Every structure is written in structure tokens, then in C-alpha cells.
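The values are calculated or read from the model by the stated rules, or taken from the named source; none is laboratory data. Every value quoted in this text rests on a predicted model; they were computed, and no experiment measured them. Here the Cβ is made from the backbone with ideal geometry for all residues, glycine too, and neighbour counts use every protein chain on show.
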């Protein structure tokens, strides 16, 4: 793959953040999306991301292998599959420019959701109904956003927060959720030519960076000022989302 030195540096950063994202810092996901779509066409970027995410998922499910809430996973999965199906249909018929705009809108929407959650605190969880409508809506939205842009981290995190899981159960359930969903997505992405042999070769070279990020996440998360880190991630991701919109609409 013919990339500049700067693009390879950005790829390594994205791979490290992918591992970091799976070990307790889910807001890095939207920054990874923004970085990848700056380097590659939107569909190719989403396809390259998936094997990297699966690599990080393997690390996460091994580390949190006994902490998943299976009941929550099973109740959410039928709605997620509906969202995946809708995303698959969309990906078959849209071009890279439209997908770039869609991902930009999703990124900015998730940032707004995260900011709202931060401002409202526990009240955010209390105002959301613990009902079939809420579960089905979040499941379909999570399936759709993960299919079209690997961007369901915020959606699923909010759903798990509302369920009131303890911290380790929260991380373990999220880890097993994305491991399962990303396995389901793989044959769909291959069928859409979004995961190719050339892309897999690029992913293979980035696997060490993913594991470095995962280990750093486990080791450094307790000592990083969470509030400052979150603000920086949201700012950079917001700039990336705006860039996607501008590139998709005017270039």
C-alpha cells in the first residue's frame, strides 16, 4: 500500500488508540474513525478498521472473559442484527462521499451525546426509560452505526450505563458485545469488498501497535486525568467530524 510517512504515522496512532479504546477509554473510538477517513476513502477506512478492532476485541475478551452479562447481550442482539442489516443495505448503494458525510454526522452526533451525558451525569441515566422501546432503539442504532462506520461505542456504552452494571461487568459486557458483532460483520464486509487481502496485509503490520495500545490502556488508565483526556479526545474527534463533512460536501 503506497502511503506517505505521515500517513503511516497516523495509522500507527490509530492502531494504538484502537487497543487503548478496548481497555476502558471508549471515547477514543470516534477519534480513530476521524483519523482513518483522513487517510483512506470512507469504505476502505471502515474495512481496514474492522480487523484491527477484532484484534483488540480478542485482547479485551481474554482479559475480561468472566465479566460479561450474558442476559443483557442476548436481549440486545436481535435488535442489533436488524441495525446491521439496515447498514449492510446502505453500504451496498452509497458512494464514498456520501458515506464520509454520514460518518461525519454520526461522529458529531455521538460527541453531542457524550457531552450531554457528561453534563447531566447520573440524571442522564435516570431520564432514559428502561423499556422495550429504549432497548430496541439503542440496539438498532448500535447495529447500524457499527456497520456503516464502526462507530457504536457511545451508543452501547450509554445502554450499558442505563443497565446499572458494575465497572468491571460494564467493560466485560461491552467487550463481548463488540467481539460478537465484529465477527458477524466480517463476512458482510468481505462480501462488500471492504475487507480485502491488501487491507489485511496492512492490518497485519499494525497488530503490534494494537496490542501496545491495549496494554497501555490497562496500565495508564488509572493515572490519566480522565476529564482532561476526554476533553482532548472530543475536541480532536469533533475537528475530524467537521473535516469529513466538509470533504464529503464540497470536495
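Restrict the check to the range 55-66 and report whether at least one residue is under 16 Å from the mean Cα position of the chain (by Cα), at pLDDT below 85 and either within 22 Å of residue 217 (Cβ to Cβ) or assigned to a helix (DSSP H, G or I) (or both).
Looking through the range 55-66, at least one residue is under 16 Å from the mean Cα position of the chain (by Cα), at pLDDT below 85 and either within 22 Å of residue 217 (Cβ to Cβ) or assigned to a helix (DSSP H, G or I) (or both).
Being out of contact with any strand residue (DSSP E or B) (no Cβ under 9 Å at 6 or more places or on another chain), modelled with pLDDT of 75 or more and surrounded by fewer than 22 Cβ atoms within 10 Å (Cβ to Cβ) is the requirement here; does residue 133 meet it? Outline the logic, then answer.
On the way: out of contact with any strand residue (DSSP E or B) (no Cβ under 9 Å at 6 or more places or on another chain): yes; modelled with pLDDT of 75 or more: yes; surrounded by fewer than 22 Cβ atoms within 10 Å (Cβ to Cβ): yes.
In short, yes.
Filter the range 67-83 for residues that are in a helix (DSSP H, G or I) and surrounded by fewer than 21 Cβ atoms within 10 Å (Cβ to Cβ) and give the result. So that I can check it myself, show each step before the final result.
Looking only at the range 67-83, we keep the residues that are in a helix (DSSP H, G or I), and these are 70-83.
Answer for the range 67-83, where residues must be in a helix (DSSP H, G or I) and surrounded by fewer than 21 Cβ atoms within 10 Å (Cβ to Cβ): 70, 71, 72, 73, 74, 75, 77, 78, 79, 81, 82.
Tell me which residues, restricted to the range 36-53, are closer than 16 Å to residue 239 by Cβ and buried (at least 24 other Cβ atoms within 10 Å of the Cβ). Steps first, answer last, please.
Initial filter on the range 36-53 (closer than 16 Å to residue 239 by Cβ): 36-39.
Answer for the range 36-53, where residues must be closer than 16 Å to residue 239 by Cβ and buried (at least 24 other Cβ atoms within 10 Å of the Cβ): 36, 37.
Could you grab the pairs with beta carbons closer than 6 Å, sequence gap of 6+ or different chains, first residue in the range 18-33 and within 17 Å of residue 211 (Cβ to Cβ), second one modelled with pLDDT under 70?
As it stands, the answer is 24/221; 28/233, since those pairs meet every condition given.
Here is a yes/no grid of residues against (1) in contact with a helix residue (DSSP H, G or I) (Cβ under 6 Å, 6 or more places away or on another chain); (2) surrounded by fewer than 21 Cβ atoms within 10 Å (Cβ to Cβ); (3) at pLDDT 90 or above; (4) in a helix (DSSP H, G or I):
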| site | (1), (2), (3), (4) |
| --- | --- |
| 151 | yes, no, no, no |
| 189 | yes, no, yes, yes |
| 221 | no, yes, no, yes |
| 238 | yes, yes, no, yes |
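If you scan the range 96-125, which residues turn out to be over 16 Å from the mean Cα position of the chain (by Cα), under 20 Å from residue 33 (Cβ atoms) and at pLDDT 75 or above?
Keep residues of the range 96-125 that are over 16 Å from the mean Cα position of the chain (by Cα), which gives 96-98, 101, 115-125.
Next, from what is left, pick out any that are under 20 Å from residue 33 (Cβ atoms): 96-98, 101, 115-118.
Once the filter is applied, which keeps residues that are over 16 Å from the mean Cα position of the chain (by Cα), under 20 Å from residue 33 (Cβ atoms) and at pLDDT 75 or above, the range 96-125 yields 96, 97, 98, 101, 115, 116.
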